[in-house]
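Input: a single structure, listed below in structure tokens.
The values are calculated or read from the model by the stated rules, or taken from the named source; none is laboratory data. Note that the coordinates shown come from a computational prediction; the quantities given were computed from them, not determined experimentally. So basically every Cβ, Gly included, is an ideal-geometry build from the backbone, and we count neighbours across all protein chains shown.
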Amino acid sequence: MSHYVKFTYQRARADIVPFDALAELNASRRKLLELGLMGVDSTGIGFGNLSVRDGVSRNFYITGSATGGLPELTPTDCVRVVAYDFARNWLRFEGAAVPSSESLTHAAIYESDPATSAVIHCHDSGLWATLLDRAPTTSKPVAYGTPEMAYEIMRLFKISDVRSRKIFAMTGHEAGIVAFGRNLEDAFDVMMRERRESSPCI
Ligand SMILES: [Zn+2]
């Protein structure tokens, strides 16, 4: 077993300037909320997070911690990640919100694939169960929001077809799905396509 490295972060500034992708981000969130792929679980904890790359940089905007159930986000609900270190499970950010502890999972995808500019993490137990056998998956002992998850994702990009498939399941994170693409609409479409293909014919 690997030892647990606590997620830590440092706020570089207390606000972010309104960013262009916010409207697109809210549009994708509305669809995900309607489908129940993100929201608030039975224990009152928000789930699901989205991010968008900031131009062609390694920086990205990501929804803040505990925003899963909010119907509409404003810039104060998002942060801009401007530096990170996988080994230390650490990042630096701008914004009023607390960055999602899963931010480095998103960072690992941006780092592995320059063509990716948007990432969606949501929960779908049906699709998750299907993908476990058929699609790239992170190995079981690896928990979400750990350095090991970031390394595991980078490994998937080397050993699997995740770059072209644009979706993977997290074995150790029940119902956990990650889809990505050139933009949020693209990532959302990947998820919908896989859902259609995984649902049994009636
Ligand atoms: Zn999750």
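Structure above, values below:
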quantity	calculated
Single condition Phe47 does not satisfy, out of (1) among the aromatic types (Phe, Trp, Tyr); (2) modelled with pLDDT of 95 or more; (3) under 14 Å from the mean Cα position of the chain (by Cα)	(2)
Odd one out for Thr43 among (1) in contact with a strand residue (DSSP E or B) (Cβ under 7 Å, 6 or more places away or on another chain); (2) surrounded by fewer than 17 Cβ atoms within 10 Å (Cβ to Cβ); (3) among the hydroxyl-bearing types (Ser, Thr, Tyr)	(1)
The stretch 118-133 residues that are over 13 Å from Ser103 (Cα atoms), paired with ones that are assigned to a helix (DSSP H, G or I) and within 13 Å of the ligand (Cβ to nearest atom) (beta carbon under 7 Å, 6 or more apart)	Cys122/Leu32
Out of Glu24, Glu34, sole residue that is more than 16 Å from the ligand (Cβ to nearest atom), in contact with a helix residue (DSSP H, G or I) (Cβ under 6 Å, 6 or more places away or on another chain), of a type in the set (Asp, Glu) and modelled with pLDDT of 95 or more	Glu24
Any hit, the stretch 90-110, residues being farther than 25 Å from Leu70 by Cβ and among the acidic types (Asp, Glu)	no
Total residues in the stretch 166-182, condition within 19 Å of Glu111 (Cβ to Cβ) and buried (at least 17 other Cβ atoms within 10 Å of the Cβ)	8
Cβ-Cβ under 8 Å pairs, at least 6 apart or on other chains, the stretch 77-98 side under 17 Å from Arg53 (Cβ atoms), far side acidic (Asp, Glu) and at pLDDT 95 or above	Val79/Glu94; Arg80/Asp54; Arg80/Glu94; Val82/Glu94; Leu91/Asp85
Selected residue [assigned to a helix (DSSP H, G or I), under 15 Å from the mean Cα position of the chain (by Cα), aliphatic (A, V, I, L, M) and at pLDDT 95 or above] from Ala169, Ala179, Ala187	Ala187
Selected residue [part of a loop (DSSP other than H, G, I, E, B), within 14 Å of the ligand (Cβ to nearest atom) and in contact with a helix residue (DSSP H, G or I) (Cβ under 6 Å, 6 or more places away or on another chain)] from Val142, Val119	Val142
Candidate set: the stretch 145-170, residues that are aliphatic (A, V, I, L, M) and under 23 Å from Tyr4 (Cβ atoms); chosen: the one farthest from the ligand (Cβ to nearest atom)	Met154
Of the criteria (1) modelled with pLDDT under 95; (2) surrounded by fewer than 22 Cβ atoms within 10 Å (Cβ to Cβ); (3) closer than 20 Å to Leu37 by Cβ, which one Ser100 fails	(2)
Members of the stretch 159-195 that are aliphatic (A, V, I, L, M) and either in contact with a strand residue (DSSP E or B) (Cβ under 7 Å, 6 or more places away or on another chain) or touching a residue at least 12 places away in the same chain (Cβ under 8 Å) (or both)	Val162, Ile167, Ala169, Met170, Ala175, Ile177, Val178, Ala179, Leu184, Ala187, Val190, Met191
